[in-house]
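Notes follow once the structure below has been shown.
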Amino acid sequence: MLQRAMSLPRPAQLSPNRVAFVLLAMVTLCWGINWPIMKLAVAEVPVWSFRAICAGAGALGLLGIAAATGQRFWPPSHQWGRLILVAIPNVMLWNVLGVYGLKLLPSGRAAILAFTMPLWAVLLSMLVLGERLTPNRALGLLFGMAGMAVLMGGEAAHLAEAPVGSLLMIAAAFSWGAGTVLLKRFPIDLPTTALTGWLLVLGGVPMLAGALIIDPPIPWPPSHAALFAVVYNMLIAFIFCYWAWFKIVSLVPVNVSAMGSLMIPVVGTLSGMLLLGESVGWQEAVALALVLAAVATVLRPASAAAARAGAGGRAV
């Protein structure tokens, strides 16, 4: 059933744009509600073990689908280094740092900080890709820094120590942005499904090592809530959502896919309220508004020509 869901619709049925937007709506819902769901998992399952299990399941599922559907499976021999370079920040650092941060923060606040990723991607694109800082991007960065300052101030007001959870989430977002820029700088010649599978393999290997060296044994048997959360992440968050995200960015301009991701922290914040009873104060509300304004400002095309130029772009 999962393999059939990942089969592309026939061109006569749906246009690529419509396919992308349907997938984007599904990813927004599935990844958004996963923020509070992950809290259920990491309450019992150690961080490295949780992420290694998810990455392993995602890699097996995606590479199995690639092989079963006759897609080109192996990357070019000279591009293995590129795969490793992209996988470490985009899979390993993003997932491990993000889950450690999530353990210390309400799921809604963690989701807001996680989706500052495009801001870091803009900064890194100037350094790595030579892109210039336009007025839109400068204004967006100001919005984003203001949003993080609001959240960091809230952490400092409630904790006597440094806001470790917020710093971890910012580091995770930075890693995701770095992986995005690296993939643009060093594109990899593979179909979407196989590419995503190999990134999960290469990013999952150090997570497996961390699980074996750092983590205590997984408590057994886990609660029904923790088991559900792990299975949801294996099948939905890693296999379907990772595949769907890469498919989206292959079908529509980068600006469209990135703008669509803005709703994920909104869904994450609301899901935390509904599923975990988390409260949303003025700091979270203001920070969410500032982050949404920041990313919208940064990613808004300066003109229709700029939007057309983005067509066919590739990003993680």
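Every number here is computed from the coordinates shown, using simple stated rules; none is lab data. What you see is a predicted model; the values in this text were computed from it and never measured. Here the Cβ positions follow ideal geometry from the backbone for every residue, glycine too, while neighbour counts run over all protein chains shown.
For Trp35, what is the net charge nearby, where nearby means another residue's Cβ is under 11 Å from its Cβ and Lys, Arg count +1, Asp, Glu -1? Mind dumping the intermediate values first?
Values: positive: Lys39, Arg109; negative: Glu278.
That works out to +1.
Rg and Dmax of the range 12-140, both derived from C-alpha coordinates alone, stand at 18.0, 48 Å. In this structure, Ser77 and Ile213 have a Cβ-Cβ separation that, at R0 = 30 Å, corresponds to a calculated FRET efficiency of about 0.50.
Summing charges over all other residues whose Cβ lies under 14 Å from the Cβ of Trp198, with Lys and Arg as +1 and Asp and Glu as -1, gives +1.
For Lys247, the lysines whose Cα comes closer than 21 Å to its Cα, not counting residues fewer than 8 places off in the same chain, are Lys184. Taken one residue at a time, the phi angles of the range 115-121 give Karplus couplings (6.51, -1.76, 1.60, θ = phi - 60°) of 8, 8, 3, x, 5, 5, 4 Hz. Gly and Pro are set to x. Rounded to 0.05, the FRET efficiency of the Thr69 and Asp189 pair, given R0 = 25 Å and the Cβ-Cβ distance, is 0.90. Rounded, prolate or oblate: which one fits the range 181-223, using the alpha carbon gyration tensor with axes a ≥ b ≥ c (rounded when a/c is under 1.5, else prolate when a/b beats b/c, else oblate)? Verdict is prolate for the range 181-223.
Within straight-line reach of Lys39, meaning a Cα separation under 22 Å, sit the following lysines at least 8 residues removed in sequence or on another chain: Lys103. Can you give the net charge of the other residues whose Cβ lies under 11 Å from the Cβ of Leu208, counting K and R as +1 and D and E as -1? Net local charge, Leu208 excluded: 0. When you count the other C-beta atoms within 10 angstrom of each residue and take the mean per peptide, 180-192, 92-104 line up highest first as 92-104, 180-192. Here the label points at Ala146 and Trp220, each 7 Å from Cα along the C-beta direction, are separated by 5.3 nm in the simple model.
Annotation: extensible slack from Met273 through Leu139 equals 45.2 nm (criterion: 0.36 nm per residue apart, minus Cα-Cα distance).
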